[in-house]
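One structure below.
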Amino acid sequence: MKTALVTGTGSDVGRAVALFLGSKNYKILTHGRKVTGTLDNTHRQLKEKSIPFVNYLADYSSIDQVVRMCDQILQNEKEIEIMAHIAGGSTAYGHDKINPQQIVDCVNVNLTATMIITHKLLPKLTEDSLIIFTSALSGVHAGWYPTDACFDAAKGGLSRFTENMARNLGPKTRVNCIVVGLLYVDDNYKDWRAARTEQIPMGRIAYAEDYVKCIDFFLNNKYITGVSLLLDGGWLAYNVNPPFSTSFMQRSDQA
């Protein structure tokens, strides 16, 4: 049986990806920061569909935990056909409020941990394997929505990491990135996100099933690698300037 690592499996998106790949006869390596109700929900749904899985835990802000998780996977798993990196988290402390530890944690969670896992697990990747990263529109156009500069820099770094790894790992492994505009994630900031729909040509923000269709696209197009695919409903093409002023972004985290 083929194996897929899906990080951030407790989120709506991670759960949808795990269930989709499980339906394609992949054993799922699930991941979360800790055992929570949302991760338990994912495991319950995998069990209901008789999808085999093994759970691994790591808080991405802790490099020691990330390395320990990789070592466990290296010891326990034989091969990996897919790595779907979904775990991450946006921050909006404000440029004059964020402290050094928060900067380190943000970059660890959104870039460093993903790079470590990818490099550490390279020996497990099979022929015709696929790596998928998850970036954000603010990594393409900094300040696109209220986040910190360190978050934007980390997500932008994933695009460069995608290109470099695609160049180095092809043709054995394809490496692509899904760049999310606005996406419903566990109803976080649901009203704020919904209010942006008038700026999006497709008239709505993305759902987990839209992300899954991108996964399916990369699975079935075996010549495509090194691509950062925008999943933004045309938002960036429609409005090339960030729809928020700098002062708004500075105030947003205090609201």
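Some observations on this one:
- Selected residue (only one of 179, 185 is in contact with a helix residue (DSSP H, G or I) (Cβ under 8 Å, 6 or more places away or on another chain), at pLDDT below 80 and within 27 Å of residue 21 (Cα to Cα)): 185
- If you go through the stretch 27-62 and pick out every residue that is closer than 21 Å to residue 77 by Cα, more than 19 Å from the chain's Cα centre (by Cα) and small (Gly, Ala, Ser), you end up with 1.
- Scanning the stretch 1-14 for residues that are in a helix (DSSP H, G or I) and crowded, with 24+ Cβ neighbours inside 10 Å turns up 13, 14.
- Qualifying position, being in contact with a strand residue (DSSP E or B) (Cβ under 6 Å, 6 or more places away or on another chain) and not aromatic (Phe, Trp, Tyr), among 154, 136: 136
- Between 103, 117, the distinction of being within 29 Å of residue 184 (Cβ to Cβ) and in contact with a His (Cβ under 9 Å, 6 or more places away or on another chain) belongs to 117 only.
- Restricting the stretch 124-166 to residues that are among the acidic types (Asp, Glu) and crowded, with 18+ Cβ neighbours inside 10 Å, the residue that is nearest to residue 229 (Cα to Cα): 152
- Among the residues examined, residue 113 does not qualify as surrounded by 22 or more Cβ atoms within 10 Å (Cβ to Cβ), at pLDDT below 95 and not hydroxyl-bearing (Ser, Thr, Tyr).
- None of 84, 113 is under 26 Å from residue 174 (Cα atoms), touching a strand residue (DSSP E or B) at 6+ places or on another chain (Cβ under 9 Å) and of a type in the set (Gly, Ala, Ser) except 84.
The values are calculated or read from the model by the stated rules, or taken from the named source; none is laboratory data. Keep in mind it's a predicted model, so treat the numbers as computed, not measured. Glycine also receives a Cβ, built like all others from the backbone with ideal geometry; neighbour counts cover every protein chain displayed.
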